[in-house]
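Data first, discussion second: the structure below is written as structure tokens.
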Amino acid sequence: MTQWLERQAAVRDRRGLVRRPLPRAADERFIDLASNDYLGLSADPRVAEAAAAAASLWGTGATSSRLVAGTTRLHLDLEQELAGLAGMETALVFSSGYLANIGVITALGGPGTLIVADEHCHASMIDGFRLSRSRTESFTHNSVEEAGRLLADRPEPRALIAVESLYSVLGDEAPLAALLALAEQYDAVLLIDEAHSLGVTGTGNFQGSGSVAGTFLAGHPNVIVTATLSKALGSQGGAVLGSALLREHLINRARSFIFDTGLAPASAAAALAAVRIIRDEPWRAGSVRSNAATLAAGLAPALAARGAAVDRAAGAVQSLAMPSAESALAAAGAARTAGVRIGCFRPPSVPDGISRLRLTARATLTPEEIEDSCAVLRGILEELP
């Protein structure tokens, strides 16, 4: 085993794919274009105070699984208000978004379920497919036609279409209306991961409620939503949203819910405070998208000089293709040295096999921070070979 591990390490090093945690200080001065704290709520005093009060009242942990003694009033209030925000009938909170995806997929999967999945689905969904023992077929990113062909002559009595409403790498959106029509046509369930949408997308009175809320998809019997509490909500945890019948099924069949210690009360309280802020301060969602557009516009000249274009992000994530894994890593390092923290995606994290820089806009970015970060990134892009 030791020799195999050494060979694996050598391969990663040779291919420029070594990953290491980069610790950050609580008082660091970086311009943050890397985190998923889209609304700036992880450091909001109201969210922090809610977490501290819950820890003081309930203790630092849930103490057991949700079905033993790990459910508090906070968990139930969070589920009720989260479902209301997303326009769904009910919600069930898990201790992470990763476990929420694994839980719902394995609870609905099995030999009698066909899973048809977008090739850009998140790793948590892919792991759920594998654990579910379902026959799984992937379709070309956002190809409704190909997804339909895979569903057309299935022998399985049940089918699940798995997508993300906003994709975490490219930052583009799924054709949800067309996919729901496909689900209705083939008697399938459309599973929509709203990890990067909740708190960011929405229209009219539903700003920040996500891509499903406020549309004909919300509450539809063929629609299930998963979400994370650790991105726009600035907390920790995940949730599955759908019908009361689905919630009851998950409580009894989702192993990542039944056998896992419940979400810590402090995290539940923080997420609950964040849900209320999103509802009461819809300007935050608009600011995320506005800042993402400003970032894209600021980088456009440098990309045009290289014969490339930047597509305006549908949400917070702006993706920039890079010539190689090494150049992506070097660019991220140069930005960090200049005081700008950005994301760096390399294979196998990127489903298209192209290394990318990933910039995430936040509602609380100032015009000066956007201008300064664009200047830094333009300089880096102009120096690429």
Highest-MSF residue in the chain out of R362, R46, R289 [GNM, Cα springs under 10 Å]: R46
Pairwise FRET efficiency - I258 versus A177, Cβ, R0 = 35 Å, nearest 0.05: 0.50
Label-point gap, in nm, between E145 and E49 - each point 7 angstrom along Cα→Cβ: 5.6
Sequence of F94, F30, F259 when ordered by accessible area, the most exposed leading, probe 1.4 angstrom: F259, F30, F94
Residues D153 and A338, FRET efficiency given R0 of 41 Å [Cβ-Cβ distance, rounded to 0.05]: 0.15
The chain, relative contact order in percent, only Cα pairs under 8 angstrom and at least six apart counted: 24
Solvent-accessible surface ranking, highest first, for H220, H249 at 1.4 angstrom: H249, H220
Label corresponding to Rg/Rh (Cα atoms, Kirkwood Rh) when calculated from the structure given, among (1) 0.97; (2) 1.05; (3) 0.95: (1)
The range 58-192, accessible surface, carbon-and-sulfur percent (1.4 angstrom probe): 53
Ranked by how many other beta carbons lie within 10 Å on average, peptides 313-322, 193-202 from highest: 193-202, 313-322
Residue-level accessible surface for L160, protein heavy atoms, 1.4 Å, Å²: 10
For the range 116-201, share of DSSP beta bridges that run antiparallel, in % to the nearest 5: 10
Residue order for C344, C121 - accessible surface, 1.4 angstrom probe, largest first: C344, C121
Probe 1.4 Å, accessible area per residue of the chain, Å²: 45
DSSP-defined beta bridges in the chain - what % are antiparallel, rounded to 5: 45
Candidates A177, A325, A266, ranked by Gaussian network fluctuation over the chain, Cα under 10 Å, top entry: A177
Distance between modelled label sites at D13 and A25, nm, 7 Å Cα→Cβ extension: 3.0
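The values are calculated or read from the model by the stated rules, or taken from the named source; none is laboratory data. Since we're looking at a predicted model, the values are computed, not measured. Neighbour counts are summed over all protein chains in view; Cβ atoms, including those assigned to glycine, are modelled from backbone coordinates with ideal geometry. The protein model used for the area step is the full one, side chains on, heavy atoms only, and it has no ligands, DNA or RNA in it. Shrake-Rupley method; radii C 1.70, N 1.55, O 1.52, S 1.80 Å.
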